[in-house]
Amino acid sequence: MATAVVPKVFKNFINGEWVESRSGRAFENRNPANHNELIGLFPAGTPEDVDLAVEAAREALKSWRQVPAPKRAEILFRAAELLVRRKEELARDMTREMGKILAETRGDVQEAIDMTYYMAGEGRRQFGQTTPSELPNKFCMTVREPVGVCGLITPWNFPMAIPSWKIMPALILGNTVVFKPATDTPLSAYHLVQILQEAGVPRGVVNLVTGSGSQVGTPLMTHKDVQLISFTGSTEVGRKVSEACAPEFKHCHLEMGGKNIILVMEDANLDLAVDGAIWGGFGTTGQRCTAASRVGVHKKVYKEFLEKFVERAKKLKVGDGLDPTTEMGPCVNESQLRTVMEYVEIGKNEGARLVAGGHRLEHGAYAKGWFHEPTIFADCDPKMRICQEEIFGPVVSVIPVDNFDHAIEVANGVPYGLSSSIYTRDLQKAFRAMRALETGIVYVNAPTIGAETHLPFGGIKHTGNGHREASVAALDFYSEWKTIYVDYSDRLQRAQIDTGSFGALKE
Ligand code: NAD
């Protein structure tokens, strides 16, 4: 099947034109399953490119915000249709540039489709409130207004889904966008922006600048004409984003790291829990913010669960994600692979018991890629670094727990708070866990991954800063409420002061 790549040398998209970076330089995008394969050359953006993109977005804002939202929605709807039509080629290109297996990259594109349709629907909603006034002959209502120019900075692990979580709500509310994707996944960003262009997004409304965090991300988040930054990535960079946004009080939304857990109680359906731990731990090669990198198992079923889990992990077929029989792809790049290998050493030195994997795969079919075995540590202490720090690779730490309360204590004993899950057939335990787990997302009898676009997505503690993506929650971040009072009494009425003496009311 052909892929969607046409040019090998790609450009930025600024003010409705595909343009080279002012730097004249480019960076390489290579296939992590075969680093001999050059996917393309992408512009190494500079602060000057960011200035041009922000200026275009600022200018376009004047008219875009006036376009009736249902008309904006028609463009989004057309974009969704194009995504549907091109889903397979987009998925294949995504697998080539970042390694996820095809089933998952199809899911990634599908999430972008779902979000685009969903936000197109908001073109005819964006509900505000009308409420009674405390005074006669006075009318009260709220309307949503765009925030302005939005700087959107995204990671590589969901190359089309995460950008769509940000771009689509921004657009439907009348904002304009400067989009800076991760350097590992510029091709998917290119496709998404090209589709928006084809769908009819006017000049300057969406701008794409590829390049590094320091040369594109930092100038974008510190730019005086950018009113809003939405960032998904590591907690370390997220802190910098937060600090950069503070002096000018920019709207700032951060979605950051996770150290998610699956809890397996003594009454769980163990085979179901093993299915969940395999998918949650090794899906996307463990490179999901919601990956189940810890599994806490009740001591009564610990041995049985571990045996089944290890047996299944050892059988996982690792390889090129384009091969339909592959179950786990490579790490996204060499540096991510090195991080995984370092954590395996850390785990061994901390005294965790290595029961599956533990090695890089580098011979034969693996020689040209960044592959690592699915790896399991058993008998882990919840305070070990491998149980506390985000590894972002195919490494799962299994922790024995004594009882329900201990399980919750272990689950909550990390700095992050994105996703958690409990496997139990006991309704009381399930409901107590839903209340006690300190995460933005809780699953019952399902793994820690599997968000749907019409529900709020995000985390607490060091994962997030109080906002949510997707669903109607996203509308709150990408709009300002304007509260409007219309007094048609033809006299001065003072709220809180003129109470109780309304006199004769006229029709
Ligand atoms: P990263 O923090 O290294 O990079 C994220 C983005 O920020 C990239 O576009 C990068 O170029 C940019 N960036 C890097 N340094 C910057 C700087 N100094 N100034 C401005 N921009 C900068 O993260 P990553 O490696 O791309 O992605 C993995 C991380 O993302 C993990 O921590 C994962 O948990 C997190 N993540 C979180 C969620 C969520 O919704 N909570 C979803 C996916 C990924």
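The values are calculated or read from the model by the stated rules, or taken from the named source; none is laboratory data. Remember, predicted model here, so these are calculated numbers, not experimental data. So basically every Cβ, Gly included, is an ideal-geometry build from the backbone, and we count neighbours across all protein chains shown. Protein only, heavy atoms only, side chains kept; ligands, DNA and RNA dropped before computing areas. Shrake-Rupley method; radii C 1.70, N 1.55, O 1.52, S 1.80 Å.
Computed values, structure above
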{"quantity": "Accessible area in square angstrom per residue, the range 66-166, 1.4 angstrom probe", "calculated": "36"}
{"quantity": "Rg over Rh [alpha-carbon atoms, Kirkwood Rh] for the range 261-444", "calculated": "0.96"}
{"quantity": "The chain, helix-only ellipticity at 222 nm - DSSP H runs n ≥ 4, -39,500 (n - 2.57), divided by all residues, nearest 500", "calculated": "-11500 deg cm²/dmol"}
{"quantity": "Gain upon complete extension [residue 138, residue 492; 0.36 nm per residue less C-alpha separation]", "calculated": "126.3 nm"}
{"quantity": "Dipole of the range 307-418, positive end: most advanced residue of 395, 407, 382 [Cβ charges, Cα centre]", "calculated": "395"}
{"quantity": "Cysteines without a disulfide-compatible partner [the chain; Cβ-Cβ under 4.7 Å]", "calculated": "140, 150, 289, 331, 380, 387"}
{"quantity": "Restraint check, 224/383; 100/224; 11/224; 224/461, Cα-Cα greater than 32 Å", "calculated": "224/383; 100/224"}
{"quantity": "The chain: relative contact order in percent, alpha carbon pairs under 8 Å with at least 6 residues between", "calculated": "18"}
{"quantity": "Heavy-atom accessible surface of the chain: percent carbon and sulfur, 1.4 Å", "calculated": "52"}
{"quantity": "Cα-based Rg / Dmax (Å) for the range 1-147", "calculated": "21.0, 74"}
{"quantity": "Distance in nm between pseudo-label sites at residue 431 and residue 214 (7 Å out along the Cβ direction from Cα)", "calculated": "5.5"}
{"quantity": "Two-site label geometry, residue 37 and residue 17: point separation in nm, points 7 Å out along Cα→Cβ", "calculated": "3.5"}
{"quantity": "Per residue accessible area of the range 261-444, 1.4 Å probe, in Å²", "calculated": "40"}
{"quantity": "Kirkwood Rh, angstrom, the chain [1 / mean 1/r, Cα pairs]", "calculated": "24.1"}
{"quantity": "Label point distance in nm, residue 473-residue 345, each placed 7 Å from Cα along Cα→Cβ", "calculated": "3.9"}
{"quantity": "Proximal lysines relative to residue 299, as straight alpha-carbon distance under 17 Å, when same-chain residues fewer than 8 apart are discounted", "calculated": "308, 429"}
{"quantity": "Length-normalised contact order of the range 261-444 in % [C-alpha pairs under 8 Å, at least 6 apart]", "calculated": "28"}
{"quantity": "Charge dipole (debye, nearest 20) of the chain; +1 at Cβ of Lys and Arg, -1 at Cβ of Asp and Glu", "calculated": "440"}
